[in-house]
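Trainee: Here it is, the structure, as structure tokens.
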Amino acid sequence: MVVEKLPVLLEEIRACRLCEDHLPLGPNPVLRAAASARLLIVGQAPGTKVHATSIPWNDPSGDRLREWLSIDRDTFYNESQIAIIPMGFCYPGRGKGGDLPPRPECAATWHKRLLLQLPHLQLTLLVGQYAQRHYLPHWYGSITENVRHYRDALPAGYFPLPHPSPRNTLWLRRRPWFEEEVVPELQKYVKKILKVR
């Protein structure tokens, strides 16, 4: 078995052109990781702002996610602690109701190889339906039910979350239990793992 080095693998991924013909803005794989990371965030795919800056979660969704985690930007972008590996690494384009789903080639081609290089992970946040459908051992029929049953996923090392997009503000308003009950638990786990105050 060939042992890969993470920096070499990241370089290979950032040069990936597998989906080039399907990407309206061209390929620009956006991800971050270091072998020492203890927390992994698996989201959907970069939006246009992230594509333009090559900084993951560098948009209003990222602001809300950092609020949920109760961490600042410096901590969030400290890849020695937090790895950020979306289901799709490049902006997939726009559909009728928002961005298109992440390209399926990314997770199929790269995720397994990446996870082998992250031996210190203690928790993986599954943000949105694509990450949850791919990784959750049990699918409860909806994002709402996955999030409501987040404790069931913890033994497998996962914490399901809704997408923090401003488009989900109504979802959050209709489910006050998420910010009242789930977010404080999430913050407790994150604080313990990252050893932040």
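Trainee: Is it fair to say residue 91 is of a type in the set (Phe, Trp, Tyr) and over 20 Å from residue 130 (Cα atoms)?
Mentor: Details: of a type in the set (Phe, Trp, Tyr): yes; over 20 Å from residue 130 (Cα atoms): no.
Spelling it out, it is not the case that residue 91 is of a type in the set (Phe, Trp, Tyr) and over 20 Å from residue 130 (Cα atoms).
Trainee: When you scan region 130-149, how many residues do you find that are within 18 Å of residue 44 (Cβ to Cβ) and not polar (S, T, N, Q)?
Mentor: Count: 9.
Trainee: Spot the failing condition for residue 53; the list is (1) in contact (Cβ under 8 Å) with a residue 60 or more places away in the chain; (2) open to solvent by 30 Å² or more (accessible area, probe 1.4 Å), and only one is missed.
Mentor: With respect to (1) in contact (Cβ under 8 Å) with a residue 60 or more places away in the chain; (2) open to solvent by 30 Å² or more (accessible area, probe 1.4 Å), residue 53 is out only on (1).
Trainee: Tell me yes or no: at least one residue of region 75-93 is assigned to a helix (DSSP H, G or I), over 14 Å from the mean Cα position of the chain (by Cα) and without any contact (Cβ under 8 Å) to a residue 60 or more places away in the chain.
Mentor: Quick first cut of region 75-93, residues assigned to a helix (DSSP H, G or I) only: 75-76.
Restricting the remaining residues to those that are over 14 Å from the mean Cα position of the chain (by Cα) gives 75.
Okay, now just the ones that are also without any contact (Cβ under 8 Å) to a residue 60 or more places away in the chain, so none.
No, there is no match, as no residue in region 75-93 is assigned to a helix (DSSP H, G or I), over 14 Å from the mean Cα position of the chain (by Cα) and without any contact (Cβ under 8 Å) to a residue 60 or more places away in the chain.
Trainee: Going by the structure shown, is residue 77 open to solvent by less than 40 Å² (accessible area, probe 1.4 Å), touching a His at 6+ places or on another chain (Cβ under 7 Å) and of a type outside the set (A, V, I, L, M)?
Mentor: Considered against the rule, which asks whether it is open to solvent by less than 40 Å² (accessible area, probe 1.4 Å), touching a His at 6+ places or on another chain (Cβ under 7 Å) and of a type outside the set (A, V, I, L, M), residue 77 comes out as no.
Trainee: Does region 156-178 hold any residues that are in a helix (DSSP H, G or I) and in contact (Cβ under 8 Å) with a residue 40 or more places away in the chain, and which are they? So that I can check it myself, show each step before the final result.
Mentor: We begin by selecting, within region 156-178, every residue in a helix (DSSP H, G or I); these are 156, 166-174, 176-178.
If the condition is that a residue be in a helix (DSSP H, G or I) and in contact (Cβ under 8 Å) with a residue 40 or more places away in the chain, then 166, 167 are the ones that fit.
Trainee: So is residue 61 assigned to a helix (DSSP H, G or I), at negative phi and open to solvent by less than 60 Å² (accessible area, probe 1.4 Å) or not?
Mentor: In short, yes.
Yes/no matrix, rows are residues, columns are (1) under 22 Å from residue 120 (Cβ atoms); (2) of a type in the set (Phe, Trp, Tyr); (3) touching a Phe, Trp or Tyr at 6+ places or on another chain (Cβ under 7 Å); (4) crowded, with 21+ Cβ neighbours inside 10 Å:
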residue: 26; (1), (2), (3), (4): no, no, no, no
residue: 33; (1), (2), (3), (4): yes, no, no, yes
residue: 49; (1), (2), (3), (4): no, no, no, no
residue: 82; (1), (2), (3), (4): yes, no, yes, yes
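Trainee: For residue 88, indicate whether it is at pLDDT below 95 and open to solvent by less than 10 Å² (accessible area, probe 1.4 Å).
Mentor: no
Trainee: Are there any pairs with C-beta distances below 6 angstrom linking a residue in region 183-197 that is surrounded by 14 or more Cβ atoms within 10 Å (Cβ to Cβ) to a residue that is assigned to a loop (DSSP other than H, G, I, E, B), with the two at least 6 apart or on different chains, and if so which?
Mentor: That search, which allows pairs on different chains as well, returns 187/70; 193/38; 193/122; 194/81.
Trainee: Which one of these does residue 122 not meet: (1) without any contact (Cβ under 8 Å) to a residue 24 or more places away in the chain; (2) closer than 19 Å to residue 159 by Cβ; (3) open to solvent by 50 Å² or more (accessible area, probe 1.4 Å)?
Mentor: (1)
Trainee: Here is a further query. Across region 15-48, what is the total count of residues that are outside any loop (DSSP other than H, G, I, E, B) and within 17 Å of the chain's Cα centre (by Cα)? Can you show your working first?
Mentor: The initial filter retains those residues of region 15-48 that are outside any loop (DSSP other than H, G, I, E, B), namely 20-22, 32, 39-42, 48.
So of that shortlist, the ones also within 17 Å of the chain's Cα centre (by Cα) come out as 32, 39-42, 48.
Of the residues in that region, 6 qualify.
Trainee: Any idea how many residues of region 49-58 are part of a helix (DSSP H, G or I) and of a type outside the set (A, V, I, L, M, F, W, C)? Quick ask: steps written out before the conclusion?
Mentor: Let us first name the residues in region 49-58 that are part of a helix (DSSP H, G or I), namely 49-53.
Retained after the next criterion (residues that are of a type outside the set (A, V, I, L, M, F, W, C)): 49, 51, 53.
Adding up the residues that qualify gives 3.
Trainee: Another one. Can you tell me which residues in region 94-121 are part of a loop (DSSP other than H, G, I, E, B) and over 13 Å from the mean Cα position of the chain (by Cα)?
Mentor: 96, 97, 100, 101, 103, 117, 118, 119, 120, 121
The values are calculated or read from the model by the stated rules, or taken from the named source; none is laboratory data. Source: prediction; values computed, not measured. Because the Cβ atoms are built from the backbone with ideal geometry, glycine has one as well, and the counts that use them run over all protein chains shown. With ligands, DNA and RNA removed, areas are computed over all heavy atoms of the protein, side chains included. Shrake-Rupley method; radii C 1.70, N 1.55, O 1.52, S 1.80 Å.
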